[in-house]
Amino acid sequence: MANDEGYVMADRREPPSDAHLVRGIAERDRHACAELYRRYAPWLAARLGHRCPDGTVIDDVIQDVFVSIWSRPPRDDVDDVAGWLWRIGYRRLVDLQRGAGLRARLQRRLFGQRLPHEPSAEDSILDALGCGEPAQALSRLPVDQQTALRVTAVDGLTMEEAARLLGVPVGTVKTRVQRARRRLRAELA
């Protein structure tokens, strides 16, 4: 477009409104969805970041929000796009956190149950060794100390995992392992 003096002026369009972008998404316009993402993803990440410190979870939630609005765009005009995106994002975050809570409770229940003991490969090897000073010293330990030492040192469980498996507090596992190591050091020195 040229002005009166013949200079070419740049075409200055106003950026599309949020409502226009939402209507574009409803009409399957990928550029509208991308633009809405560019406008709101950083803002949504900052807001959700106050509710959850895990950046990976926040990224997943934001991706889920935009996949959701692409898959099921609103039927009516959205007056407050930021509020609409926030409500979707917050619900997704809560759902994700609830799911994590359910998984954690299920794991606590599973680890809290006493399962029939099957010796691990490491236990079988240690049992097969059965002779020699280390095996004899280990066999003289109290059963609770042997078990704590085996699940942490041989099976490689963390103290927290061992506590769940054994059904005792973490401090108890730590004490049992410490006492077992101290006693083994004394006997094998």
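The values are calculated or read from the model by the stated rules, or taken from the named source; none is laboratory data. Since this is a predicted model, take the numbers as computed values, not measurements. Note: ideal-geometry Cβ built from the backbone for every residue, glycine included; neighbour counts use all protein chains shown. Heads up: the accessible areas ignore ligands, DNA and RNA and are worked out on the full protein's heavy atoms, side chains in. Shrake-Rupley method; radii C 1.70, N 1.55, O 1.52, S 1.80 Å.
Quickly run through segment 148-171 and pick out the residues that are in a helix (DSSP H, G or I), in contact (Cβ under 8 Å) with a residue 24 or more places away in the chain and either open to solvent by less than 60 Å² (accessible area, probe 1.4 Å) or not charged (D, E, K, R) (or both).
First, pick out the residues of segment 148-171 that are in a helix (DSSP H, G or I): 148-154, 159-166, 170-171.
Right, trim to in contact (Cβ under 8 Å) with a residue 24 or more places away in the chain and you get 148-150, 152-154, 161, 164-165.
Within segment 148-171, A148, L149, R150, T152, A153, V154, L165 meet the criteria.
Against the conditions (1) surrounded by fewer than 18 Cβ atoms within 10 Å (Cβ to Cβ); (2) without any contact (Cβ under 8 Å) to a residue 40 or more places away in the chain; (3) over 15 Å from R92 (Cα atoms), P74 satisfies every one except (2). With respect to the conditions (1) open to solvent by 30 Å² or more (accessible area, probe 1.4 Å); (2) closer than 14 Å to L96 by Cβ; (3) of a type in the set (A, V, I, L, M), V61 lacks only one, and its number is (1).
When C33 is tested against (1) farther than 20 Å from L96 by Cα; (2) at pLDDT below 90, only condition (2) is not met.
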